[in-house]
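Beneath this line is the structure, given in structure tokens, with notes to follow.
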Amino acid sequence: DTGVSQDPRHKITKRGQNVTFRCDPISEHNRLYWYRQTLGQGPEFLTYFQNEAQLEKSRLLSDRFSAERPKGSFSTLEIQRTEQGDSAMYLCASSMTVSGNTIYFGEGSWLTVV
Amino acid sequence: AQSVAQPEDQVNVAEGNPLTVKCTYSVSGNPYLFWYVQYPNRGLQFLLKYITGDNLVKGSYGFEAEFNKSQTSFHLKKPSALVSDSALYFCAVRDGNNAGNMLTFGGGTRLMVKP
């Protein structure tokens, strides 16, 4: 069990550029989640997948954000036309589909938009 | 809708003393409660959870938490604090009746343990 892996850990980008983050969940976990955390705040839910199906999206997930999990394994989160307000840590997490299951988080991907 | 309140932004405690980090929650269905810890520039590490059963839950690193349904609380405790426990602690809740399994987090409490 290698845990949830995220890449890159840090990304600095200019406003208006597109960025993509990748998440590799724990291998036997079929649920995958994306959260966003800004400084001094708790994580906020963005979206989640069960296998390859995206089952829920937060209203925080604007049209500039898109997440995919094409084969039910790794996932990508793309932000188009980045804005300074997108600066945050993007956390990926995974779990099994069992009632009461624990959600395990990765180390996060820090995004700074300049 | 569900929510979590962590009323203290920061808790200061001397090493060796007991610590408590407070959490209250609101959820329409069956509460599943979690505590996570976050060290600087790191992700969240799972500490413990309450799903059902004994109201006192024991977790990692000597931490425990007590579920109190009447007070809708789930306070995190440790009998003897260590300097290395200094970190940011998050309480989270989800509705056990909600198949969506979405966790809602509190704003976090910074624990400072002084030598």
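Nearest 0.05, what FRET efficiency do B:N55 and A:Q80 give at R0 = 35 Å with Cβ-Cβ as r?
It comes out at approximately 0.15.
Whole-Hz Karplus ³J(HN,Hα) for the stretch B:78-94, in order, using 6.51 cos²θ - 1.76 cosθ + 1.60 and θ = phi - 60°, x for Gly and Pro?
Once θ is set to phi - 60°, the couplings for the stretch B:78-94 become 8, x, 9, 6, 10, 4, 5, 7, 4, 5, 9, 10, 10, 9, 9, 9, 9 Hz.
Treat every Asp and Glu Cβ in chain B as -1 and every Lys and Arg Cβ as +1, leave all other atoms uncharged, and give the resulting dipole magnitude about the Cα centre to the nearest 20 debye.
Taking the Cα centre of chain B as origin, the dipole is about 100 debye.
Find how many whole Å separate the alpha carbon centroid of the stretch B:48-115 from the alpha carbon centroid of the stretch A:1-67.
If we compute the Cα centre of each part, the gap is 24 Å.
Percent relative contact order of chain A, based on C-alpha pairs within less than 8 angstrom and at least six residues apart?
Normalised by residue count, the contact order of chain A is 36 percent.
Could you tell me what percent of the DSSP beta bridges with both partners in chain B are antiparallel, to the nearest 5?
Roughly 85 percent of the DSSP beta bridges within chain B come out antiparallel.
P(r) for the stretch B:62-113, please, calculated from all Cα pair distances in 5 Å bins and given in %.
For the stretch B:62-113, the binned pair fractions read 5, 16, 21, 23, 18, 10, 5, 2 percent.
Once you have the Kirkwood Rh of the stretch A:13-52 from its Cα pairs, apply Stokes-Einstein at 37 °C and 0.692 mPa s and quote D in µm²/s.
Rounded, D is 263 µm²/s.
Looking at the stretch A:25-81, which trypsin sites (Lys or Arg not before Pro) are in a loop (DSSP not H, G, I, E or B) and have at most 12 other Cβ atoms within 10 Å?
Taking the stretch A:25-81 and a limit of 12 other Cβ atoms within 10 Å, the loop trypsin sites (Lys or Arg not before Pro) found are A:R59, A:K71, A:R81.
Tell me, what ³J(HN,Hα) does each residue in the stretch B:59-65 have, in order and in whole Hz, if you take phi through Karplus 6.51 cos²θ - 1.76 cosθ + 1.60 with θ = phi - 60° and put x for Gly and Pro?
Result, ordered by residue: x, 6, 6, x, 7, 9, 9 Hz.
How big, in percent, is the set of alpha carbon pairs in the protein assembly as shown lying more than 31 Å apart?
21
What is the pair-distance distribution P(r) of chain B, computed from all Cα-Cα distances in 5 Å bins starting at 0, with each bin given as a whole percent?
2, 13, 24, 25, 20, 10, 5, 2, 0
Please list A:E107, B:E66 from largest to smallest accessible area, probe radius 1.4 Å, with all protein chains kept in place.
My answer, sorted largest first, is B:E66, A:E107.
The values are calculated or read from the model by the stated rules, or taken from the named source; none is laboratory data. Given the structure is predicted, the values throughout are model-derived calculations rather than measurements. Glycine also receives a Cβ, built like all others from the backbone with ideal geometry; neighbour counts cover every protein chain displayed. Heavy atoms of the whole protein, side chains included, go into the accessibility calculation; ligands, DNA and RNA do not. Shrake-Rupley method; radii C 1.70, N 1.55, O 1.52, S 1.80 Å.
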